[in-house]
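One structure is given here, and the rest of the page talks about it.
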Amino acid sequence: QKEVEQDPGPLSVPEGAIVSLNCTYSNSAFQYFMWYRQYSRKGPELLMYTYSSGNKEDGRFTAQVDKSSKYISLFIRDSQPSDSATYLCAMSTFHLTGNQFYFGTGTSLTVIP
Amino acid sequence: DTAVSQTPKYLVTQMGNDKSIKCEQNLGHDTMYWYKQDSKKFLKIMFSYNNKELIINETVPNRFSPKSPDKAHLNLHINSLELGDSAVYFCASRGLAPSYNEQFFGPGTRLTVL
């Protein structure tokens, strides 16, 4: 069983829709939860990160963590064609000299104008 | 200004050859990583170095050998390349306090083994 599970999609939505992306995990020691966005033929870039359970909002993006269910979500409101990318969730425990990050397989999102 | 750079961007080579990929970061970070991303977009950690010292060494064939001459550089040498090594290899560096959970990725090196 992989440490992090993510539905690979693909997901296709019309412009303006609300998008929900999700990951589940098995390691209860994870404390940090991240979402990365990866455009085609580019490296991943950090979108948001949260520590422990709770919600975090940044513009049109909201990240939610439910540690009791080992479930994290990313919501995108008013989705735009420029949001079309692969979204990767990632998790880690903290280590001073180098966290080990575990990634989901990514969900491919297409926002249709 | 490029934060994390990798060379080359594309690498096409024959089975059995030896090749190297170079990575440099100008962010002043202490920790750097190599990841392999397969065709299904799964990003798997291979190695991590902190201040030139190997910290993480996942189950990777010993044909892969990382080298960190200084904390700004982390290179990856691959011996006797196999078809299954075809993938995109990403270098990343980890932010300093308090941004320990932020990773900065390079543009990737697309390796194709024929």
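The values are calculated or read from the model by the stated rules, or taken from the named source; none is laboratory data. Since the structure is predicted, the reported quantities are computational estimates derived from the model, not experimental observations. As a convention, Cβ positions derive from the backbone with ideal geometry for all residues, glycine included, and neighbour counts pool all protein chains shown.
Restricting the first residue to region B:38-57 and requiring it to be free of Cβ contacts under 8 Å to residues at least 60 places away in the same chain and facing another protein chain (nearest Cβ under 7 Å), which pairs with a second residue that is of a type in the set (D, E) and assigned to a loop (DSSP other than H, G, I, E, B) meet a Cβ separation below 7 Å and a spacing of at least six or different chains?
That search, which allows pairs on different chains as well, returns B:I45/B:E58; B:N50/B:D30.
Scan region A:19-37 residue by residue and report those that are part of a loop (DSSP other than H, G, I, E, B) and surrounded by 12 or more Cβ atoms within 10 Å (Cβ to Cβ). Spell out how you get there, then give the answer.
We begin by selecting, within region A:19-37, every residue part of a loop (DSSP other than H, G, I, E, B); these are A:26-31.
A:S26, A:N27, A:F30, A:Q31, listed by residue number.
Output the number of residues of region A:64-89 satisfying the condition of being surrounded by 18 or more Cβ atoms within 10 Å (Cβ to Cβ) and closer than 15 Å to A:S52 by Cβ.
Number of matching residues: 3.
With the requirement that a residue be surrounded by 14 or more Cβ atoms within 10 Å (Cβ to Cβ) and either closer than 17 Å to A:M34 by Cβ or at pLDDT below 95 (or both), what does region B:74-105 give you?
B:F90, B:A92, B:S93, B:R94, B:G95, B:Y100, B:N101, B:E102, B:Q103, B:F104, B:F105
Residue check: is B:M15 touching a Pro at 6+ places or on another chain (Cβ under 9 Å), more than 19 Å from A:R41 (Cα to Cα) and in contact (Cβ under 8 Å) with a residue 12 or more places away in the chain?
no
For region B:41-52, name all the residues that are closer than 18 Å to B:E24 by Cβ and not hydrophobic (A, V, I, L, M, F, W, C). Can you show your working first?
Taking region B:41-52 and keeping what is closer than 18 Å to B:E24 by Cβ, we get B:46-52.
Across region B:41-52, the qualifying residues are B:S48, B:Y49, B:N50, B:N51, B:K52.
From the list B:F90, B:F104, exactly one residue is within 23 Å of A:Q31 (Cβ to Cβ), facing another protein chain (nearest Cβ under 10 Å) and not small (G, A, S). Which is it? Before the answer, list the steps.
Details: B:F90 fails: within 23 Å of A:Q31 (Cβ to Cβ).
Within the list B:F90, B:F104, the selection yields B:F104.
Taking the condition of being more than 22 Å from A:P10 (Cα to Cα), more than 10 Å from chain B (Cβ to nearest Cβ) and touching a strand residue (DSSP E or B) at 6+ places or on another chain (Cβ under 9 Å), how many residues in region A:28-66 meet it?
Result for region A:28-66: 10.
Which of the residues belonging to region B:9-39 are surrounded by 19 or more Cβ atoms within 10 Å (Cβ to Cβ) and under 13 Å from B:L114 (Cβ atoms)?
B:L11
Applying the selection to region A:68-103, what residues are within 14 Å of chain B (Cβ to nearest Cβ) and under 18 Å from A:S40 (Cβ atoms)?
Filtering region A:68-103 down to residues within 14 Å of chain B (Cβ to nearest Cβ) leaves A:72, A:85-103.
Passing the criteria: A:A85, A:T86, A:Y87, A:L88, A:F103.
Quick check on my filter: what residues within region B:64-73 are buried (at least 17 other Cβ atoms within 10 Å of the Cβ) and among the polar types (S, T, N, Q)?
B:S68
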